[in-house]
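Any read-out appearing in this document is the output of simple, stated calculations on the displayed coordinates, not a laboratory observation. No experiment lies behind these values; they were computed from the predicted model shown. Cβ coordinates were reconstructed from backbone atoms using ideal geometry, including for glycine residues, and neighbour counts include every protein chain displayed.
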Amino acid sequence: MTRAIVLHSLLLTLAMPLTLLLCTETRAADPAPLRWDRSESSVALVRGQQVLWRFHHGSTLDVPYFHPLSTKGGRVLTWDRPADHAWHHGLWFCWKYINGVNYWEHDRQTGRPAGRTETTDVKVETRDDHSARISLALAYHPDGDDEVVLRERRRIVISAPNAHDEYSLDWISEFTAGNNRVELDRTPPKEQSWGGYAGLSVRFAKEMVDRQAISERGPVEFGPGNRHRSRATSIDYSGTIDGDPVGLAFLDHPQNPRHPTPWYIIRSPVTGYVNAALLNDEPMALQPGRSMTLRYRVIVHPLRWDAARLKTEQTRFQQSSLSF
């Protein structure tokens, strides 16, 4: 065997462990495949041990809701049932008062709202591209009274996550009054304090710090009560979790009543919160049998967005057609 052949064999022998190591590291770096996790009361998109998003729709819940909503790397943006507001559920929709009955806070005696929101006819379509479509029916009535005062048809379309685990939820709800006039109301807002809230809301995780909010016009200012109220076509709320920037964008469809919607935003030391506060300025009434439709898009994203990016997404949303 010549010296050249011996040297070549020696180099191959030395290179093999390095090659195996590089291949192992490459395989380890590859993300786990996405998969669906379904039960009778929820549906989730999962990667490895990380839940990217989960929708809870069990019949015993006060409201159906999303939690967690996560970004790449397992950063969870939402908070379910915080101790200070046990009726906050990640990303959820709830009216405050319907005909004077509270559907929002828990009654101290029963531990549940006096107004009941019943979920039925849940249909979940999960697709091979990891997008999903969810439809359900909701009936609103006071506790102990079977007469439904308001009905809702809801459809939520969740996009497949992109390479950065950015994904959107297109939310459309059609509300129809029952046999009597329905008045949707809220606690009147107080300057730099609570009130005005009802509708689509999110409670952010306590781990989110360095929080800020922008509209399509630029950064929003928070007053002494760490509150902000204004009308805008879109709002982005972002912060950092374990040093990683993350955020949620909320887009109001131009066909919505009272567009651009009033927003109620909190950035207190404990509470991160955004509400598309349709009723902030005044109540809203539906005559018997009449309907109203609300359309929103929520985008879960890494990094911080600026006003230009938010405006671009809002333009795309305005050009979309959301219907049943």
Item to check | Listed residues L52, L251, L136, most fluctuating in the chain (Gaussian network, C-alpha, under 10 Å) | outcome: L136
Checklist entry - Tell me, what HN-Hα J-couplings in whole Hz come from the Karplus equation 6.51 cos²θ - 1.76 cosθ + 1.60 at θ = phi - 60° for each residue of region 111-119, using x for Gly and Pro? => result x, 9, x, 5, x, 9, 10, 9, 9
Checklist outcome for this item: Relative contact order of the chain (C-alpha contacts under 8 Å, at least 6 apart) in percent is 15 percent
Item to check | region 79-318, Rg to Rh (Cα coordinates; Rh as Kirkwood inverse mean 1/r) | outcome: 0.95
Item to check | Helix axis angle, 307-318 relative to the chain longest principal axis, alpha carbon, degrees | outcome: 70 degrees
Checklist outcome for this item: Under Stokes-Einstein, region 214-268 at 10 °C and 1.306 mPa s, with its Kirkwood radius over C-alpha pairs, diffuses with a coefficient in µm²/s of 130 µm²/s
Item to check | ³J(HN,Hα) computed for each position of region 258-267 - Karplus, 6.51 cos²θ - 1.76 cosθ + 1.60, integer Hz, glycine/proline x | outcome: 6, 5, x, 5, x, 10, 10, 10, 10, 9
Checklist entry - Could you state the number of Å between the C-alpha centres of region 247-324 and region 58-97? => result 17 Å
Checklist entry - Where Lys and Arg each count +1 and Asp and Glu each count -1, what net charge lies around H67 among other residues with Cβ under 12 Å from its Cβ? => result +2
